[in-house]
Structures are given as structure tokens and as C-alpha cells.
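**Q** There's a structure below that I have some questions on.
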Amino acid sequence: MHEQLLFYNAPIDLNHWGPVKFFIDNIFIIAIVLVSGGALLWPVLTQRGKRATAQEVTLLINRGKALVLDVRETAEFAAGHLPDAKHIALGELDNRIGELEKFKAKSVVVVCQSGARASSAAAKLLKAGFTDVVSLEGGVAAWKTAGLPLSK
């Protein structure tokens with residue numbers, strides 16, 4: 001019995017340097033893609049706690065189930081704040097957190113000018129044992145943009 005074996009006799013190019021050459025040739029483009037991707041993901045990755053839009057915060061306030069905590073500086077607070085907001089500047093929050101103990105059962109909506117300080121304050125409140133802490137997404141600036149009222 002005669003077996004016939006088939007072989008492919010074409011030369012095989014085992015060049016493993018192709019991907020390395022591509023990487024070296026395009027290092028700046030790859031770096032730009034990685035940096036810009038990181039910049040886009042950074043806000044999502046560093047977000048602390050829950051966030052709510054101005055409309056969602058309005059619902060919480062209207063239902064009477066939320067304390068609004070404004071963590072801006074005194075001058076910013078005096079220029080205009082959400083109705084019935086309690087003012088404790090972010091720098092004073094560690095020392096005055098005891099004033100909020102009676103609100104642990106409620107939702108606490110943390111507000112600042114743009115949302116950055118509110119995230120830091122929300123992290124401090126969560127660490128202190130508050131269970132339902134929400135940051136106003138976009139801060140007072142978003143509240144104004146939505147056409148909602150401010151108190152003085």
C-alpha cells in the first residue's frame with residue numbers, strides 16, 4: 001500500500017519583529033491614544049459616590065427626604081445657594097461633621113460650585129458612616145443652567 005504525503009514547500013517567513021517595528025514606528029501615535037484615553041476615563045475612574053442631576057436632586061428635596069449640604073466657601077454660599085441648604089465649607093467638614101449626625105437616616109445631597117469639592121465631601125461623609133450620599137452633578141453651575149431657583 002502506498003501512502004501519499006502532501007507537503008507545502010513554500011518558504012515560511014517567521015519574522016517576529018513585525019509588531020515591534022510597528023510599535024517603534026508609531027510610538028507617538030500610540031502614546032497620544034493612551035494619554036487621551038486615560039484623560040477621558042479619569043473622571044469616571046475617580047468618581048466617588050453617587051451622582052444626581054439637578055432634576056433628580058429636585059425630586060429628593062421635594063419629597064423631603066434629603067438634606068442639602070453646601071460645601072463651598074462662605075462668600076460663594078452668600079452669593080446664592082440651593083433652598084434650605086446647610087452650609088459647611090469643605091475645609092471645616094472634618095471638624096463639624098457631628099452637626100450632621102441626626103441626618104444619617106436621610107439622603108445627603110452634597111453641593112459645590114462645579115462638583116469637584118462635592119465628591120471629596122461625599123467621600124468624607126461615606127467614611128463617617130453616612131449611607132446615602134449623593135453629589136449634585138455639575139454643582140450650582142448645573143443648577144443655574146437648569147433654571148432652578150437659588151436663595152440668598
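Any read-out appearing in this document is the output of simple, stated calculations on the displayed coordinates, not a laboratory observation. Here the structure is a predicted model, which is why all the values come from computation and not from measurement. Cβ sites come from the backbone with ideal geometry, for glycine too, and all protein chains shown count toward neighbours.
**Q** Given the rule -39500 (n - 2.57) for each run of at least 4 DSSP H residues, summed and divided by the residues of the chain, what is its mean residue ellipticity at 222 nm, to the nearest 500 deg cm²/dmol?
**A** Calculated from helices alone, the mean residue ellipticity at 222 nm is -12000 deg cm²/dmol.
**Q** Let me ask something additional. Starting from the amide H of Arg51, placed 1.01 Å from N in the peptide plane, find each other amide H under 5 Å away whose residue is 5 or more places distant or on another chain.
**A** Ser135
**Q** Ok, one more. Quick one, could you list the DSSP H helices from the chain stretching 20 Å or more along their long axis (Cα atoms) with average Kyte-Doolittle hydropathy of -1.0 or above?
**A** TM-like helix candidates: 27-45.
**Q** Highest first, please rank the peptides 105-118, 23-36 by the mean number of other Cβ atoms sitting within 10 Å of their residues.
**A** So the peptides 105-118, 23-36, ranked by packing, come out 105-118, 23-36.
**Q** Taking 19 Å as the cut-off for C-alpha to C-alpha distance, list the pairs among Lys65/Lys102; Lys65/Lys124; Lys124/Lys144; Lys102/Lys144; Lys104/Lys144; Lys50/Lys127 that go past it.
**A** Beyond 19 Å between Cα atoms: Lys65/Lys124; Lys124/Lys144; Lys102/Lys144; Lys104/Lys144.
**Q** Of His81, His16, His87, how do they rank once you tally other Cβ atoms within 10 Å and put the fewest first?
**A** Result, fewest neighbours first: His16, His87, His81.
**Q** Run the dipole for region 50-145 about the Cα centre, Lys and Arg Cβ at +1, Asp and Glu Cβ at -1, nothing else charged, and hand back the magnitude in debye, nearest 20.
**A** For region 50-145, the charge dipole is close to 280 debye.
**Q** Aspartates and glutamates within cross-link reach of Lys152: Cα-Cα under 12 Å, excluding same-chain residues under 8 positions apart?
**A** Once the sequence-local aspartates and glutamates are set aside, what remains near Lys152 is Glu76, Asp84.
**Q** Also: Percentage of Cα-Cα pair distances in the chain greater than 21 Å, rounded to whole percent?
**A** Within the chain, distances greater than 21 Å cover 57 percent of Cα pairs.
**Q** Once amide H atoms are placed 1.01 Å from N in the peptide plane, what residues at a sequence separation of 5 or more from Lys86, or on another chain, have their amide H within under 5 Å of its amide H?
**A** Under 5 Å from the amide H of Lys86 lie the amide H atoms of Val68, Leu69, Asp70, each far enough along the sequence or on another chain.
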